[in-house]
Amino acid sequence: MIHVCRKEHFNAAHKLYNPRWSKEENEAVFGPCANENWHGHNFELIVTVKGNPDPNTGFVMDMKQLGALIKQHVIQKLDHKNLNLDVDFLEGKLPSCETLVVEIWKILEKELANITTAKLHRIQLWETHNNFVEYFGEQ
């Protein structure tokens, strides 16, 4: 079993804010991330797929094809967007990195099944140089 990874980037704004809480409660929990006027990040997304190399190509998956799939189904929906307002698959959800990585997984898992035998293994989403989340699907 071999793991191959593709890294992509996108920029997006969001606000972490629970509408059921007061402004003070939101600020206590989310700090500056609850800023009424949003804040932004330069996100780094790393998608790892796993499988056995095809004997004809030596590839687990064509990396150009993986990059195109990520760009079409994820990056184009997120890049230079407001995650709270502009992204259909986040509608009604708090756009934390944890929520975002699960929703990205759902999209990519479905799309990968249409084009390859490789399986989604892990998604890393870097929000800052210090903070990132990893998701391995429902185990």
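Can you compute the FRET efficiency between residue 110 and residue 29 using 1/(1 + (r/R0)^6), with r the Cβ-Cβ distance and R0 = 30 Å? Round to the nearest 0.05.
According to the calculation, E is roughly 0.40.
List the relative contact order of the chain as a percent without decimals, with contacts defined as Cα pairs under 8 Å and 6+ residues apart.
Contact order relative to length: 30 percent.
Place a label point 7 angstrom from the Cα of residue 82 along the Cα-to-Cβ direction, then list the residues of the range 10-53 whose backbone nitrogen is under 12 Å away.
Counting backbone N atoms under 12 Å from the label point, the list is 13-15, 36-39.
Quick one: work out Rg over Rh on the C-alpha atoms of the chain, Rh as Kirkwood radius.
1.04
When the label point is put 7 Å from the Cα of residue 124 along its Cα-to-beta-carbon vector, which residues of the range 8-38 have a backbone N closer than 20 Å?
8-12
On average over all directions, what projected area in square nanometres does the range 55-99 have, based on the convex hull of its Cα atoms?
4.3
Report, in whole Å, the centroid distance computed from the Cα atoms of the range 5-47 and the range 60-120.
Each part reduced to its Cα centre gives a spacing of 18 Å.
Excluding same-chain residues fewer than 8 positions from residue 7, which aspartates and glutamates have a Cα within less than 13 Å of its Cα?
Candidates past the 8-residue exclusion: 44.
Could you check the spin-label model distance between residue 102 and residue 117? Points 7 Å from the Cα along Cα→Cβ, value in nm.
Roughly 3.2 nm, to one decimal.
How would 96, 22 line up from fewest to most surrounding beta-carbon atoms within 10 angstrom?
The order, fewest Cβ neighbours first, is 22, 96.
Here, each number is a calculation from the coordinates, and none is a lab measurement. Values in this document were obtained by computation on a predicted structure and should not be read as measured data. A quick note on method: Cβ atoms are made from the backbone with ideal geometry, for glycine too, and the neighbour counts reach across all protein chains shown.
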